[in-house]
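A short worksheet on the structure shown next.
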Amino acid sequence: MEQVLPSYSLPPRVSLGQERRHGVNAMPTTAPEVPIARHVWAERYRQGGAREASVAATFARVARALAAVEPAGADRWEPAFRALMDGFAFIPGGRILAGAGTAHRVTLFNCFVMGTIADSIPGIFRALEEGALTLQHGGGVGYDFSTLRPRGTRAETAGTIASGPVSFMGVWEAMAATMQSTGARRGAMMGTLRCDHPDIEAFIDAKRAPRTLAHFNLSVLVTDAFLHAIAADEAWPLVFPLPAGAPASGETIARAWSGTSAQVACRVARRVPARALWRRLLEAAYATGEPGVLFIDRINRMNNLGYCERIAATNPCGEVPLPPYGACDLGSINLARLVRDPFTPQARLDTARAAALAGGAVRLLDNAIDASRFPLPQQAEAVRHSRRIGIGVTGLADALLMLGLRYDTDAAVALAGGTMRAICHAAYRASIALAAEKGSFPAFARDPYLDAPFVRALPEDIRDGIARTGIRNSHLLAIAPTGTISLLAGNISSGLEPIFAADATRTVLDAHGAKRDFAVTDAAVRQWRAANGPSDGVPPGFVAAAEIAPERHLAMQAALQPYVDNAISKTVTLPAEADFAAFSRVFEQADALGLKGCTVFRPGAARPGILSAARG
């Protein structure tokens, strides 16, 4: 039986000397002596020049700022939050590290999904302005462009012809590039479009042209009905809602369209073979790495707040599906930090400490909501309405390697799933306890919340606690790609991804937007080499991402998904020589496994990567 841990139990403060005597995988509390880690800290997170002389000082600033919002006991929670971050055991999201406790007018949220785009020139440019303000404050943005009428549609009032959503995405692209040139954070954006929008083919093919929409990640909103039409080899209607008050003309069907809470009448523009459209999507992804897919009906069906919101987009990396103006409040537990006696027969993962870190992280991330500035008042309202947070993991592949487990084995998948289960349940218990102290999130409604599929699957004691006390946060778990904070921690493996390569070249941007290349070695490999002598060897059980069969990538994602109430950012990496049939099966298997989305990358695709394996 799973141990029920006390709420807010925090990891004991252990000195580095004690850690070495007890066989703990010790990591420094200052910036690691790894060039890329020091570069990332200095360029992205260090504040105040010489006054912030180490990563420990950065963590102290963050802890002080997040403890300061406590109505009482800030002096208690500041050292507790510092203990969470000691040795990179828990790493808050990059915007928290960069912005908490500074005088800069920035947000502590990594990303936002923006409001519904009104289908008019004023509405489009109002949405563009909101995106620019959000990027200026350091947040990435996600948009669903399905509300914009298809190319060639006549606007009856103005007599003009619509240019379509893909053309307006070019306006966003120009805005993001301009914002970056002014010194704002790189403009990461997600663009989504429904699979039944009449411009879906143009959207699918948008990135076939080199350097087109480079600031966007693209995902198609794939519905259950479309998947059924593919399986049945049916014709698929491409549709768009009738204007309000317009008489029905031609064939119409009902759809629960983006930006609506109920089904609306949609005019059928034309029909295409469902399988041909699906193949077109797969061919574009095979050639360019995009678009990905979001199984949007499953996302809405599994949403803890399905009773009061409808989702049509995610943040730029896909780990947090969000309603209009929702935001990502993220942090990751570093599993590589929790391996005891690494690379020995006695190696083990301290799941009790992982659960304790999760409990403390709930309060830290909840406080970030109250400590943050918001670019727009609508964002503040939406975030406080649900108090969503996203606790995830990073360093999973490194932890498995330290344990002697090959990433693509059943034993590794089982251990990862069990660890995520412990983190999930500890987080929910901590949020229940926090609700007893501070109150539930405003949108909480006991009966429909308890009826959500994810909540129904939680242990009985957690459900009883929610029924009795409520819960502070509507969602608690999300697995982000953690690219930059994983570099900060010494180039540990990112999120739940496998190790890309033992040695690689990593491209990062400096403060001026210029690219810099760093030679990097995976943290676990580096640690093993330091103990074993070879300068180019790898530990037993090492496997690179491209060597892993796609079904094993998906198996790892599927093992963690039952314990993640938001979503998981995961890229299935295939070798460059992978054939189209094998590539296509990945998307089909992702759906069969009940995943919320899927992105597949094949080196050599048109989209450039930021990592390249070192050549021997």
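Scan (1) under 30 Å from the mean Cα position of the chain (by Cα); (2) within 25 Å of residue 205 (Cα to Cα); (3) surrounded by fewer than 18 Cβ atoms within 10 Å (Cβ to Cβ); (4) not acidic (Asp, Glu) for the single condition residue 261 breaks and write down its number.
Every condition holds for residue 261 apart from (2).
Identify the residue in the stretch 115-145 that is acidic (Asp, Glu) and either touching a Cys at 6+ places or on another chain (Cβ under 6 Å) or free of Cβ contacts under 8 Å to residues at least 60 places away in the same chain (or both) and, among all such residues, is surrounded by the fewest Cβ atoms within 10 Å (Cβ to Cβ). Spell out the reasoning first.
Step one: filter the stretch 115-145 for residues acidic (Asp, Glu), giving 119, 129-130, 144.
Filter once more, so that each one left must be either touching a Cys at 6+ places or on another chain (Cβ under 6 Å) or free of Cβ contacts under 8 Å to residues at least 60 places away in the same chain (or both): 119, 129.
On the way: 119: 19, 129: 12.
Selected residue: 129.
Looking only at the stretch 197-211, count every residue that is outside any helix (DSSP H, G or I), out of contact with any Ser or Thr (no Cβ under 7 Å at 6 or more places or on another chain) and either modelled with pLDDT of 95 or more or among the aromatic types (Phe, Trp, Tyr) (or both) and tell me the total.
Of the residues in that region, 3 qualify.
Check the stretch 349-369 and report whether any residue there is surrounded by 23 or more Cβ atoms within 10 Å (Cβ to Cβ), assigned to a loop (DSSP other than H, G, I, E, B) and either at pLDDT below 95 or not charged (D, E, K, R) (or both).
No, the stretch 349-369 contains no residue that is surrounded by 23 or more Cβ atoms within 10 Å (Cβ to Cβ), assigned to a loop (DSSP other than H, G, I, E, B) and either at pLDDT below 95 or not charged (D, E, K, R) (or both).
Here's the yes/no breakdown for (1) within 12 Å of residue 485 (Cβ to Cβ); (2) in a helix (DSSP H, G or I):
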| position | (1), (2) |
| --- | --- |
| 40 | yes, yes |
| 47 | no, no |
| 56 | no, yes |
| 60 | no, yes |
| 70 | no, no |
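Mind checking whether some residue in the stretch 520-539 is within 21 Å of residue 564 (Cβ to Cβ) and surrounded by 19 or more Cβ atoms within 10 Å (Cβ to Cβ)?
Within the stretch 520-539, the first condition is being within 21 Å of residue 564 (Cβ to Cβ), and the residues that meet it are none.
No - not one qualifying residue is present in the stretch 520-539.
Residues to consider are 239, 220; find the one that is under 15 Å from residue 147 (Cα atoms), among the β-branched types (Val, Ile, Thr), without any contact (Cβ under 8 Å) to a residue 60 or more places away in the chain and buried (at least 22 other Cβ atoms within 10 Å of the Cβ).
Within the list 239, 220, the selection yields 239.
Please verify whether residue 407 is in a helix (DSSP H, G or I), aromatic (Phe, Trp, Tyr) and touching a residue at least 24 places away in the same chain (Cβ under 8 Å), treating the condition exactly as stated. Please lay out each step first, then the result.
Details: in a helix (DSSP H, G or I): no; aromatic (Phe, Trp, Tyr): yes; touching a residue at least 24 places away in the same chain (Cβ under 8 Å): yes.
So residue 407 fails the test.
Quickly run through the stretch 283-297 and pick out the residues that are under 18 Å from residue 226 (Cβ atoms) and surrounded by fewer than 19 Cβ atoms within 10 Å (Cβ to Cβ).
283, 297
Within the stretch 297-348, how many residues turn out to be polar (S, T, N, Q), touching a Phe, Trp or Tyr at 6+ places or on another chain (Cβ under 8 Å) and closer than 17 Å to residue 110 by Cβ? Spell out the reasoning first.
Our first condition is that a residue be polar (S, T, N, Q); within the stretch 297-348, this holds for 300, 303-304, 314-315, 332, 334, 344, 346.
Checking which are touching a Phe, Trp or Tyr at 6+ places or on another chain (Cβ under 8 Å) leaves us with 304, 315, 332, 334.
Then drop every residue that is not closer than 17 Å to residue 110 by Cβ, which leaves 315, 332.
Counting residues in the stretch 297-348 that are polar (S, T, N, Q), touching a Phe, Trp or Tyr at 6+ places or on another chain (Cβ under 8 Å) and closer than 17 Å to residue 110 by Cβ gives 2.
Which of the following residues is of a type in the set (Ser, Thr, Tyr) and free of Cβ contacts under 8 Å to residues at least 60 places away in the same chain: 505, 484, 469?
Working: 505 fails: free of Cβ contacts under 8 Å to residues at least 60 places away in the same chain; 484 fails: free of Cβ contacts under 8 Å to residues at least 60 places away in the same chain.
The match here is 469.
Please indicate, with yes or no, whether at least one residue in the stretch 501-519 is at pLDDT below 95, more than 19 Å from residue 601 (Cβ to Cβ), buried (at least 17 other Cβ atoms within 10 Å of the Cβ) and not acidic (Asp, Glu).
Scanning the stretch 501-519 turns up at least one residue that is at pLDDT below 95, more than 19 Å from residue 601 (Cβ to Cβ), buried (at least 17 other Cβ atoms within 10 Å of the Cβ) and not acidic (Asp, Glu).
Within the stretch 426-434, does at least one residue satisfy the condition of being within 21 Å of residue 498 (Cβ to Cβ), assigned to a helix (DSSP H, G or I) and without any contact (Cβ under 8 Å) to a residue 60 or more places away in the chain?
Within the stretch 426-434, the subset within 21 Å of residue 498 (Cβ to Cβ) is none.
Checked against the condition, which is being within 21 Å of residue 498 (Cβ to Cβ), assigned to a helix (DSSP H, G or I) and without any contact (Cβ under 8 Å) to a residue 60 or more places away in the chain, the stretch 426-434 yields no hits at all.
Being closer than 30 Å to residue 147 by Cβ and of a type in the set (Phe, Trp, Tyr) narrows it down to one residue among 407, 325, 428; which is it?
Details: 407 fails: closer than 30 Å to residue 147 by Cβ; 428 fails: closer than 30 Å to residue 147 by Cβ.
Answer to the check: 325.
For the stretch 59-84, enumerate the residues that are under 25 Å from residue 315 (Cβ atoms), crowded, with 17+ Cβ neighbours inside 10 Å and out of contact with any Gly (no Cβ under 9 Å at 6 or more places or on another chain).
59, the sole residue that qualifies.
Restricting attention to the stretch 107-138, which residues are in contact with a strand residue (DSSP E or B) (Cβ under 7 Å, 6 or more places away or on another chain) and part of a loop (DSSP other than H, G, I, E, B)?
Once the filter is applied, which keeps residues that are in contact with a strand residue (DSSP E or B) (Cβ under 7 Å, 6 or more places away or on another chain) and part of a loop (DSSP other than H, G, I, E, B), the stretch 107-138 yields 109, 110, 114, 117, 137, 138.
Does the stretch 335-344 contain at least one residue that is over 30 Å from residue 87 (Cα atoms) and over 15 Å from the mean Cα position of the chain (by Cα)?
Going residue by residue through the stretch 335-344, those that are over 30 Å from residue 87 (Cα atoms) are none.
No, the stretch 335-344 contains no residue that is over 30 Å from residue 87 (Cα atoms) and over 15 Å from the mean Cα position of the chain (by Cα).
The values are calculated or read from the model by the stated rules, or taken from the named source; none is laboratory data. As the structure is a prediction and not an experimental result, all values here were calculated from the model. Every residue, glycine as well, gets a Cβ built from its backbone with ideal geometry; the counts of neighbours run over all protein chains shown.
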